[in-house]
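A quick write-up on the structure given underneath.
The values are calculated or read from the model by the stated rules, or taken from the named source; none is laboratory data. Quick caveat: nothing in here was measured; it's all calculated off a predicted structure. For neighbour counting, all protein chains shown are included, and Cβ atoms are generated from backbone atoms with ideal geometry for every residue, glycine included.
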Amino acid sequence: MSSKRPAHDATAPKESQRLAIEGGQPVRTTPLPWELPGAHWMGAEELELAARVIKAQSPFRYYGIAPQHMADRLEKEYAQALYRNYAIAVGSGTGAIAAYEANLRLIRSGSYENKKMRLIVSQNLPFAPMARAWEKGARIMGRIDESEAIKQIDRMDAKVLSNRYPPYGIIGGLYDALRDTDGDIAAVENREVREARSLFMETEGRDICPEAGVALASLIRKVRDGSVERDACIMLNITGGGIDALRREHSLRRITPHLVVDKDSFGPETLRSKVSYLI
């Protein structure tokens, strides 16, 4: 898929601007430690702020003996550093729409800068109906034969991103969000996804799921073609990972389901008869 935005000067970048995947200096030279989200970053500053709220006996946002206004402070600091670009892989686009609407609510509150982040959403080829419609400038996705859709989905690495009826063209859907933020959709090959996942493992020390690999692969492409500046402020949504590490580090066992319904015989009567055995 070609980018809708014009590429920047194609001359070779300075060494300080060269991506690590292209031989430049990596941002990190050692992997990040394993952690529960955010837990390892809690320290003296968080302890002091929490203690301040407790000592004031005012854990509530809008009232208390001596409100500390911590929630307001957090929102303001977040809004001031709001990302210019938001990259996420999508199957339906609802995650991107949610981020877009949260951005609008911050702006409409009147307390924050009128600054919209640019949505950069990604799909995994060969099944990329939203990317194909967007490339044509179309609000309505083209129809695809069901058997062909199944074949394309079977060839995807990131099969979770295979919603055939996404909220793309509806009013207030992904198409409108992309238009309003000067956004774009990228569609990446499985090869690019695998390379991106390997790069993340090499630099950060943790495996990521194929869906997150799609987002990372599209971001790499956008930086390479100049659609996203190399020094831009970006939030890359890594939607999942650690599955390979979980298999290596723990003994796993598959749980046998109590109820299995074959898709070819699925229906109200079949389901009712099978469920009755569980009651």
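Among the residues of the stretch 172-199, those that are in a helix (DSSP H, G or I), touching a residue at least 24 places away in the same chain (Cβ under 8 Å) and surrounded by 18 or more Cβ atoms within 10 Å (Cβ to Cβ) comprise Leu174, Tyr175, Ala177, Leu178, Asn190, Glu192, Val193, Ala196, Leu199.
Which members of the stretch 125-167 meet the condition of being hydrophobic (A, V, I, L, M, F, W, C) and within 18 Å of Ala217 (Cα to Cα)? Result: Leu125, Phe127, Ala128, Met130, Ala131, Met156, Ala158, Val160, Leu161.
Restricting the stretch 132-171 to residues that are acidic (Asp, Glu) and more than 17 Å from Val214 (Cα to Cα), the residue that is surrounded by the most Cβ atoms within 10 Å (Cβ to Cβ) is Glu135. Does any residue of the stretch 236-243 turn out to be at pLDDT 95 or above and closer than 23 Å to Ala133 by Cβ? Checked against the condition, which is being at pLDDT 95 or above and closer than 23 Å to Ala133 by Cβ, the stretch 236-243 yields no hits at all.
Screening Ser162, Ser122, Ser147 for residues that are of a type in the set (S, T, N, Q) and part of a strand (DSSP E or B) leaves exactly one candidate, Ser122. From the residues in the stretch 55-88 that are more than 19 Å from Glu113 (Cα to Cα) and of a type in the set (S, T, N, Q), which one is modelled with the highest pLDDT? Result: Gln57. Of the residues making up the stretch 265-279, just one is in a loop (DSSP other than H, G, I, E, B) and more than 36 Å from the chain's Cα centre (by Cα), namely Ile279. Just one of the listed residues (Leu252, Leu236) is without any contact (Cβ under 8 Å) to a residue 60 or more places away in the chain, hydrophobic (A, V, I, L, M, F, W, C) and under 23 Å from Lys159 (Cβ atoms), and it is Leu252. Residues of the stretch 122-134 include none that is at pLDDT below 95 and more than 22 Å from the chain's Cα centre (by Cα).
Of the residues screened, Ser251 is one that is at pLDDT 85 or above and part of a loop (DSSP other than H, G, I, E, B). On the stretch given as the stretch 217-245, residues that are in a helix (DSSP H, G or I) and in contact with an Asp or Glu (Cβ under 9 Å, 6 or more places away or on another chain) total 10.
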